[in-house]
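A quick write-up on the structure given underneath.
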Amino acid sequence: MNILGVETSCDETSAAVVRDGTEILSNVVSSQIDLHRPYGGVVPELASRHHLELIQSVIQQALDAAGTKTEQIDGVAATYGPGLASSLLIGLNAAKGVAFTLNKPFLGINHLEAHLYSPLLSEHNFDALPMVSLIVSGGHTILAHVTNIGRHEILGQTVDDAAGEAFDKVAKLLGLRYPGGPEVDRLAKQGNRAAIAFPRSMLDDPGFNFSFSGLKTSVLYYLKKNPNAVVADVCASFQEAVVDVLVGKTLRAACHTGVRAISASGGVSINSRFRERLAAECPRRNLRLFLASAQLCTDNAAMIASLAYHKLQRGARSDWSLDVAPSIGLRAA
Ligand code: KG4
Ligand code: ZN
């Protein structure tokens, strides 16, 4: 079964063809980072105009790269939320148009739910469930207990800023270019992570929620007091504080739920120190670790097509009237 997936929730225009939920035949991702960089963040109007210009050719490229003709597509899926309303509209409607024209089943997918499984898709391995799955991106920080495909409960999430937002804001304070995460990661390699004792907010709280806005404020105050601080030391110390909390809570969630596998996806999960720490901790605790490849960490249509396959198989279908849901969260299911 070949599923065409479409993703336009933020600043990536993406289309993919995935066979039987695991075999990625194509995954075309057109990033708009360069377009938004001068503004220091995603400008919604620019993003949607760009999606509109690109969507048809990105879908065609995905079909061509997969070597699939339209008649070999068995279903079409698109992200319907969460994300920027004007961006979501472009991909959702383009996908509906394709499904309608081909007379194939159509399914709207929750972007966050798709992120839960992208590390499994990355390793072509869906037999790791149950697992604890961490989503860490520029807009979300969510820890979920996934018991089966389509079945999950939310253990915790951020009460203020997302982890990626903290990386981006701290990078801005340091005068680094957008997006800040990769820059902080790069500079931290030359810094001393024990140089500054930044707070590990909520690390010792009994629950699984996160908070990163206090950490960002601590960095701001530190820089005001120490205008000549070594940038690499600030990056390394800040990053260590974020990673301590993300890794600490994820491992505790694994212990709490009794799962034998953990996974992580979203832009921040590309972070080299985060990966290094998890790679060191998991074997010690006899936990299998699933990390999405860089392309499946960030926003992509392959994860949308993959989850859609599993849901379409079980008979799920969306109505043509399905609208975008910009602020839908990850609901328990
Ligand atoms: O998943 P993503 O591409 O987009 C969404 O937010 O949906 O994540 C982007 C976020 C940005 O905040 C970016 O700074 C962060 O991921 N990021 C990183 C790294 N690479 C990207 N954060 C820390 N270390 C990295 N290496
Ligand atoms: Zn995402």
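The table below gives the values:
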read-out	value
Highest-MSF residue in the chain out of Leu220, Leu291, Leu112 [GNM, Cα springs under 10 Å]	Leu220
Within the chain, percent of DSSP bridges classed antiparallel, to nearest 5	60 percent
Karplus (6.51, -1.76, 1.60) ³J(HN,Hα), θ = phi - 60°, over region 205-220, in Hz, Gly and Pro reported as x	5, x, x, 10, 7, 10, 8, 10, 6, x, 5, 4, 5, 4, 5, 4
Region 95-113 and region 255-333: distance between their alpha carbon centers, rounded to Å	20 Å
Cα-based shape type of region 1-94, given that a ≥ b ≥ c are square roots of the gyration tensor eigenvalues and the cut on a/c is 1.5	prolate
Per residue accessible area in Å² of the chain, where ligands, DNA and RNA are left out and the probe is 1.4 Å	41 Å²
Gaussian network model of the chain, Cα within-10 Å springs - most flexible of His256, His36, His124	His256
Alpha-carbon centroids, region 165-219 and region 1-40: separation in whole Å	28 Å
List Tyr117, Tyr221, ordered by accessible area with a 1.4 Å probe, largest first	Tyr221, Tyr117
Restraint check, Lys189/Lys311; Lys216/Lys311; Lys96/Lys172; Lys216/Lys249, Cα-Cα greater than 30 Å	Lys189/Lys311; Lys216/Lys311; Lys96/Lys172
Relative contact order %, region 125-292, counting alpha carbon pairs below 8 Å whose residues are six or more apart	28 percent
Mean ellipticity per residue at 222 nm, deg cm²/dmol - from DSSP H runs of n ≥ 4 across the chain, formula -39500 (n - 2.57)	-14000 deg cm²/dmol
Positive-pole candidate from Ala163, Leu220, Ala236, dipole of region 149-265, charges at beta carbon	Ala236
Residue among Gly207, Gly75, Gly164 with the largest mean-square fluctuation in a Gaussian network model of the chain, springs linking Cα atoms under 10 Å	Gly207
Long-range Cα-Cα pairs in region 129-211 (distance over 19 Å), rounded percent	51 percent
Carbon + sulfur, % of accessible area of region 211-268 - ligands and nucleic acids excluded, 1.4 Å	56 percent
Whole-Hz couplings from phi, Karplus 6.51/-1.76/1.60, listed for region 261-274; x for Gly and Pro	9, 10, 9, 9, 8, x, x, 5, 6, 6, 3, 5, 5, 4
Hull-based mean projected area of the chain, where the convex hull spans the alpha carbons, in square nanometres	16.0 nm²
Whole-percent pair-distance distribution, where bins are 5 Å wide, for the alpha carbons of region 125-292	2, 9, 19, 22, 20, 13, 8, 5, 2, 1, 0
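The values are calculated or read from the model by the stated rules, or taken from the named source; none is laboratory data. Bear in mind that the values here come from a model prediction, so they are computed numbers and not experimental data. Because the Cβ atoms are built from the backbone with ideal geometry, glycine has one as well, and the counts that use them run over all protein chains shown. Keep in mind that these areas ignore ligands, DNA and RNA; they rest on the heavy atoms of the full protein, side chains included. Shrake-Rupley method; radii C 1.70, N 1.55, O 1.52, S 1.80 Å.
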